[in-house]
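The values are calculated or read from the model by the stated rules, or taken from the named source; none is laboratory data. Everything numeric here is computed off the predicted structure, so don't read it as measured data. Because the Cβ atoms are built from the backbone with ideal geometry, glycine has one as well, and the counts that use them run over all protein chains shown. These area figures cover heavy atoms from the full protein model, side chains too; ligands, DNA and RNA do not enter into them. Shrake-Rupley method; radii C 1.70, N 1.55, O 1.52, S 1.80 Å.
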Amino acid sequence: MIAYLTTLIVLVAVSALVGLALNVQWGVAGLVNFGVVGFVALGAYTTALLAPPLGWFPAMIAAAALCAMISTVLAFLSIRLEENYLAIVTIGFGEVVRILLLNESWLTGGAVGIADIPRPFVNLVPPRQYDLMLAAFALVLVAIVFVLLETLVRSPFGRALRAVRDDATVAAALGKPVLLLRVKAFATGGAVMGTAGALHAFYLTYIDPSQFTSIITAYAFMAVIAGGRGSNFGLLFGAGTIMVLLEATRFLKDAFAVIDGTQLAALRLGLIGLGIVLLLILRPQGLLPEPQRKANDFFPDHEGTS
Amino acid sequence: MIAQLVLNGFVTGLLLALPALALTLTFGILKFPNFAIGAMLTFGAYAAWVANSLLGMPLAVAAVASAVVMALVAMLCDVLVYSRLRDRGSITLLVSSLGISLVLENICRFAFGNATRNFAFEVARPIRWHGLRINQEQLITAIVVIACVILIQLLLHASPLGRAMRAVADNPALAAVRGVERQTIARITWCIAGSLTALSGVLAGLDRAVDPLLGWNYQIPIFAAAILGGLGSPTGAIVGAIVIGLAEELSSLVLPTNYRQIVSFAVILLLLLVRNRGLFGGKAVRK
């Protein structure tokens with residue numbers, strides 16, 4: 001039971017990180033990223049390749065840095081264009097990563113993947129309690145990222161990002177550097193996705209391309225929509241709820257003997273798709289929406305002038 | 001050798017032409033790129049497989065049945081989802097099409113598993129012609145696609161419906177003033193897009209085999225073709241599809257075949273950098 005609980009904690013943590021990252025990019029800055037899974041995979045593989053020679057911490061930082069760099073390049077390439085094009089470029093990026101991971105076996109091990117990835121703080125606790133240790137590590141990681149992103153969102157930078165999201169033309173007219181703001185937001189999200197990939201690699205200690213499927217991208221969108229676009233608190237709530245619900249579908253297999261593994265996987269993905277559509281139609285603002293701030297919140301001295 | 005690759009590339013391009021045309025038509029009317037295009041292709045292929053293998057229809061009849069089914073499914077998606085989100089911007093529609101894509105693809109996976117399925121269809125020996133090898137499937141693909149393309153061009157340019165569709169694509173407000181209702185035109189466009197995609201699904205299933213990821217394998221090339229042609233331009237989509245098909249096949253001279261999709265991605269990136277309107281696009285997409 002403890003083992004299952006710690007597993008669940010790590011899974012929720014990975015998902016929360018991915019969701020928080022998409023929430024910066026799409027929720028706060030309004031930039032769609034359909035290649036989420038590509039960034040997570042890249043982070044995981046960078047960690048797996050660099051952790052043995054460099055140690056887990058430099059590897060994790062490298063994963064975040066590499067994903068941030070690639071996000072920056074993609075953002076520069078396509079953000080000047082209409083938003084639809086960014087979506088197409090990122091979905092293409094995700095596919096390219098998948099193809100490279102499968103085919104460049106000299107580096108990635110191809111379909112077999114990479115095993116024996118070093119984990120953080122291995123020598124600190126006896127092996128039997130390591131799972132608890134990793135769960136704690138995952139929670140700390142989520143807490144750090146959450147605090148950082150929440151600070152970011154509340155800062156003038158975050159306010160400028162939301163202004164760009166809501167109306168780029170007005171933001172530009174007010175002198176906001178729209179392109180730079182968008183690139184920064186996209187890079188920040190990329191770094192967090194890389195970190196999520198690193199945590200994924202630490203948790204499993206082996207990675208292969210089959211772990212990185214579109215469910216990661218779909219899940220991230222579902223979490224952001226469910227939580228309420230732009231709200232980090234909402235995201236944690238959304239990510240937690242969905243993950244627990246998804247985990248619960250595992251027990252469907254026991255309840256209905258007719259459902260096999262493939263059908264279960266299909267059912268979960270289909271339900272996520274249905275959830276995305278239903279939430280968009282029925283509750284577009286999410287379950288815990290971003291607070292609508294009025295001008296008075298920013299200028300308390302000038303009441304009634306909004 | 002090169003002539004054979006050119007021929008193969010041409011047929012691959014024709015295969016992409018129908019979904020690229022479908023993508024560009026819905027983009028023209030509704031102004032969002034439909035990410036469910038791959039899943040619609042897969043769904044159409046499964047519908048034809050059910051009609052052909054399980055119900056025992058001849059493949060041609062099964063293909064028509066699947067086109068009808070997919071037209072209805074696409075219209076149902078519009079009634080239930082897209083029409084309710086139409087006023088909420090293209091990104092909301094885009095994300096909802098991601099959701100629909102997951103639902104369609106996983107209905108197929110749930111019902112028929114991950115196994116690959118083949119149509120009940122006699123494979124004939126390839127025709128030899130001036131040293132070229134032409135498969136029967138390639139011939140069928142060429143005939144079906146060219147017929148569909150001619151039909152669509154006639155529909156767009158020589159019928160009142162086509163004129164209404166082009167009017168809505170150009171300026172929905174102005175079209176509304178002239179009594180052309182966007183909602184009706186959108187529904188009809190979805191029907192056309194659905195049947196075109198289903199037919200391409202049948203042809204793709206004939207070329208490879210039917211499996212849940214069938215359409216996903218074409219997703220990037222379809223987008224590349226439609227963007228290359230300039231999103232919203234039907235003629236552009238067809239030309240774009242053939243260029244992408246040729247680029248993919250000819251790339252096998254210098255790249256391993258596994259990297260074909262990367263060629264499409266490179267075309268997209270290059271286009272966005274150099275000429276983001278595509279070949280036939282009118283307006284610049286830059287904001």
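Within segment B:77-122, the set of residues being within 8 Å of chain A (Cβ to nearest Cβ) and not in a helix (DSSP H, G or I) comprises B:113, B:114. Selection over segment A:110-142 of residues that are under 14 Å from residue A:56 (Cβ atoms) and basic (Lys, Arg) gives a count of 1. For segment A:97-148, what are the residues that are aliphatic (A, V, I, L, M), open to solvent by 50 Å² or more (accessible area, probe 1.4 Å) and touching a residue at least 40 places away in the same chain (Cβ under 8 Å)? Scanning segment A:97-148 gives A:102, A:107, A:111, A:112, A:115, A:132, A:139. Condition check: among the aromatic types (Phe, Trp, Tyr) and open to solvent by 10 Å² or more (accessible area, probe 1.4 Å). Does residue A:39 satisfy that? The answer is no for residue A:39. Summed over segment A:42-54, residues that are surrounded by fewer than 24 Cβ atoms within 10 Å (Cβ to Cβ) and of a type outside the set (A, V, I, L, M) total 3. Scanning segment B:152-185 for residues that are within 16 Å of residue B:231 (Cα to Cα) and open to solvent by 100 Å² or more (accessible area, probe 1.4 Å) turns up just one, B:170. I want to confirm something. Restricting to segment B:57-80 and keeping residues that are within 30 Å of residue A:26 (Cα to Cα) and in contact with a Gly (Cβ under 8 Å, 6 or more places away or on another chain), which single residue is least open to solvent (accessible area, probe 1.4 Å)? Applying the filter and picking the extreme gives B:74. For segment A:261-277, the candidate set comprises residues that are aliphatic (A, V, I, L, M) and open to solvent by 40 Å² or more (accessible area, probe 1.4 Å); within that set, the residue that is modelled with the lowest pLDDT is A:265.
Here's the yes/no breakdown for (1) surrounded by fewer than 24 Cβ atoms within 10 Å (Cβ to Cβ); (2) part of a helix (DSSP H, G or I):
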position: B:200; (1), (2): no, yes
position: B:217; (1), (2): yes, yes
position: B:232; (1), (2): no, no
position: B:240; (1), (2): no, yes
position: B:250; (1), (2): yes, yes
position: B:253; (1), (2): yes, no
position: B:262; (1), (2): yes, yes
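State whether the residues of segment B:16-28 include one that is more than 14 Å from chain A (Cβ to nearest Cβ), over 16 Å from the mean Cα position of the chain (by Cα) and part of a helix (DSSP H, G or I). Scanning segment B:16-28 turns up no residue that is more than 14 Å from chain A (Cβ to nearest Cβ), over 16 Å from the mean Cα position of the chain (by Cα) and part of a helix (DSSP H, G or I). For segment A:248-260, a residue qualifies if it is under 23 Å from residue A:5 (Cβ atoms) and open to solvent by 20 Å² or more (accessible area, probe 1.4 Å), and the qualifying residues are A:248, A:250, A:251, A:252, A:253, A:254, A:255. Can you tell me how many residues in segment B:176-206 are of a type outside the set (S, T, N, Q), on the phi < 0 side of the Ramachandran plot and modelled with pLDDT under 90? So the count comes out to 6. In segment B:154-165, the residues that are among the aromatic types (Phe, Trp, Tyr) form no Cβ pair under 7 Å with any partner that is open to solvent by 50 Å² or more (accessible area, probe 1.4 Å), whether six or more places apart or across chains.
Annotation: of all residues in segment A:278-290 being more than 8 Å from chain B (Cβ to nearest Cβ), in contact (Cβ under 8 Å) with a residue 24 or more places away in the chain and in contact with a helix residue (DSSP H, G or I) (Cβ under 9 Å, 6 or more places away or on another chain), the one that is surrounded by the most Cβ atoms within 10 Å (Cβ to Cβ) is A:279. Inside segment A:69-78, residues that are more than 7 Å from chain B (Cβ to nearest Cβ), buried (at least 24 other Cβ atoms within 10 Å of the Cβ) and over 15 Å from residue A:39 (Cα atoms) make up a count of 0. Taking the listed residues A:204, A:199, A:181, the one that is over 26 Å from residue A:46 (Cα atoms), away from chain B (no Cβ under 13 Å) and out of contact with any Asp or Glu (no Cβ under 8 Å at 6 or more places or on another chain) is A:181, with no other qualifying.
Within segment A:233-270, being within 14 Å of chain B (Cβ to nearest Cβ), out of contact with any helix residue (DSSP H, G or I) (no Cβ under 6 Å at 6 or more places or on another chain) and part of a loop (DSSP other than H, G, I, E, B) holds for A:256, A:258, A:260. Return yes or no: is residue A:41 within 27 Å of residue A:118 (Cα to Cα) and of a type in the set (A, V, I, L, M, F, W, C)? Spelling it out, residue A:41 is indeed within 27 Å of residue A:118 (Cα to Cα) and of a type in the set (A, V, I, L, M, F, W, C). Selection of segment A:149-163 for residues being without any contact (Cβ under 8 Å) to a residue 60 or more places away in the chain and part of a helix (DSSP H, G or I) yields A:151, A:154, A:156, A:157, A:159, A:160, A:163.
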